[in-house]
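Here's the structure we're looking at; comments come further down.
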């Protein structure tokens, strides 16, 4: 019985971690951002005439947020690459060879 309880607890933990990761990834999608903003603003009960302008403002905010995220990611990788280059300068030739294998590498779409 104890083994079953431990198994269930472990399975619940793993499923919880996976669910959080899926939810986090989903919240970064533009469609989800727009949906969440609209859902929140529905509490104000905007008129049909107000929604088009509100939707424009939501879209502008989502676009700006995605641009900021992309810019921040590029800048973060610039920092990581500068640090990695600095580490490289301190290494022996043997260490540099290994470092080239294990150093952090910018994802292809992040250049």
query = With respect to residue 64, is the statement that it is part of a helix (DSSP H, G or I), exposed (fewer than 11 other Cβ atoms within 10 Å of the Cβ), within 22 Å of the chain's Cα centre (by Cα) and at pLDDT 95 or above true?
reply = yes
request  = Keeping to region 30-50, report how many residues are surrounded by 12 or more Cβ atoms within 10 Å (Cβ to Cβ), part of a loop (DSSP other than H, G, I, E, B) and out of contact with any helix residue (DSSP H, G or I) (no Cβ under 7 Å at 6 or more places or on another chain).
outcome  = 0
request  = Looking only at region 69-83, count how many residues are exposed (fewer than 12 other Cβ atoms within 10 Å of the Cβ) and within 12 Å of the chain's Cα centre (by Cα).
outcome  = 2
request  = Mind listing whichever residues of region 78-111 are more than 28 Å from residue 36 (Cβ to Cβ), in a helix (DSSP H, G or I) and in contact (Cβ under 8 Å) with a residue 24 or more places away in the chain?
outcome  = 80, 81
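The values are calculated or read from the model by the stated rules, or taken from the named source; none is laboratory data. Because the structure is a prediction, the values reported are computed rather than measured. Neighbour counts run over all protein chains shown; Cβ positions are idealised from the backbone, glycine included.
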